[in-house]
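Participant: To start, I am sharing the structure in question, which I have written as structure tokens.
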Amino acid sequence: MQWNLPNILTVLRLLAAPGVAVMFLYFHRPWADWFALTLFIGAAITDWFDGYLARAWGQESKFGAMLDPIADKAMVVIALVVLTGYSGMNPWLILPATVILFREVFVSGLREFMGADAGKLKVTKLAKWKTTAQMVAIATLFLGTGLDYLAKGRAPRAGEGDLPSGLGLADLANHLGIALIWVAAILTAITGWDYFRKSLPFLREDKDG
């Protein structure tokens, strides 16, 4: 394991993932929303810098290649769990979040099953766009939850969530966040199917055995 700057940034991003949820344990809202948003954006920025620096400085490593997608998935999964809870279990958020969570678990299990052949499922450009869409959508949704709490003075209760109907800043952020998370979910589903299709040759039963 090499402790260079790109790998350190990746580790920090991994540690920031549970920190997003911890913000809501130790701070009152909407401060928790703002701190979570800041932490998430900062971690998302390192996702670009660690890969760029590793390539530019010739510091690419197996440790970084292994940890980078784990850190990305941890950030997305934990943030979505927090958002669905603090959005009043909004069904317009739950459905795309479910698609994203299902795909991440499915692809991770697929890579684990393939073992040594998992490296043949290389990250595509569309998958990178998928990750970017997820990060932007989640950051926008954190902005929306914070602004919504400021406007209403309380969090929505379970089952109360719905599409925002006003034209205030909070509603605009929520509208945009919901639209972006649906775009991210569609890209996530497409890339998940692409990985599954590429893995089919490795999943066929060996008839000679």
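Participant: Determine the pairs where a residue that is surrounded by 14 or more Cβ atoms within 10 Å (Cβ to Cβ), located within the range 186-209, has a partner that is of a type in the set (Asp, Glu) and at pLDDT below 90 with Cβ atoms under 7 Å apart, the partner being 6 or more residues away or on another chain.
Facilitator: If the second residue must be of a type in the set (Asp, Glu) and at pLDDT below 90, the pairs left are PHE202/ASP117.
Participant: Give just the number: which of (1) free of Cβ contacts under 8 Å to residues at least 60 places away in the same chain; (2) within 15 Å of the chain's Cα centre (by Cα); (3) under 19 Å from LEU147 (Cα atoms) does GLY85 not satisfy?
Facilitator: Unmet condition: (2).
Participant: Would you mind telling me which numbered condition in (1) open to solvent by 40 Å² or more (accessible area, probe 1.4 Å); (2) closer than 19 Å to LEU25 by Cα LEU83 fails?
Facilitator: In the conditions (1) open to solvent by 40 Å² or more (accessible area, probe 1.4 Å); (2) closer than 19 Å to LEU25 by Cα, LEU83 misses (1) alone.
Participant: Taking ALA151 as the residue in question, decide whether it is open to solvent by 60 Å² or more (accessible area, probe 1.4 Å), more than 27 Å from ALA65 (Cα to Cα), assigned to a helix (DSSP H, G or I) and at pLDDT below 90.
Facilitator: Yes: the conditions hold for ALA151.
Participant: Another question, then. Out of all the residues in the range 88-106, is one or more open to solvent by 40 Å² or more (accessible area, probe 1.4 Å), modelled with pLDDT under 95 and of a type in the set (D, E, K, R)?
Facilitator: Among the residues of the range 88-106, not one is open to solvent by 40 Å² or more (accessible area, probe 1.4 Å), modelled with pLDDT under 95 and of a type in the set (D, E, K, R), which makes the answer no.
Participant: Which one is least open to solvent (accessible area, probe 1.4 Å), of the residues in the range 9-68 that are under 22 Å from LEU83 (Cβ atoms), in a loop (DSSP other than H, G, I, E, B) and without any contact (Cβ under 8 Å) to a residue 60 or more places away in the chain?
Facilitator: Out of the qualifying residues, it is PHE27.
Participant: On to the next question. Considering the range 107-136 alone, what residues qualify as being open to solvent by less than 40 Å² (accessible area, probe 1.4 Å), under 22 Å from PHE202 (Cα atoms) and free of Cβ contacts under 8 Å to residues at least 60 places away in the same chain?
Facilitator: Scanning the range 107-136 gives GLY109, ALA118.
The values are calculated or read from the model by the stated rules, or taken from the named source; none is laboratory data. The structure displayed is predicted, hence computed values, not measured ones. Here Cβ is always computed from backbone atoms with ideal geometry, including for glycine, and neighbour counts include all displayed protein chains. SASA here: full protein model, heavy atoms, side chains in, ligands and nucleic acids out. Shrake-Rupley method; radii C 1.70, N 1.55, O 1.52, S 1.80 Å.
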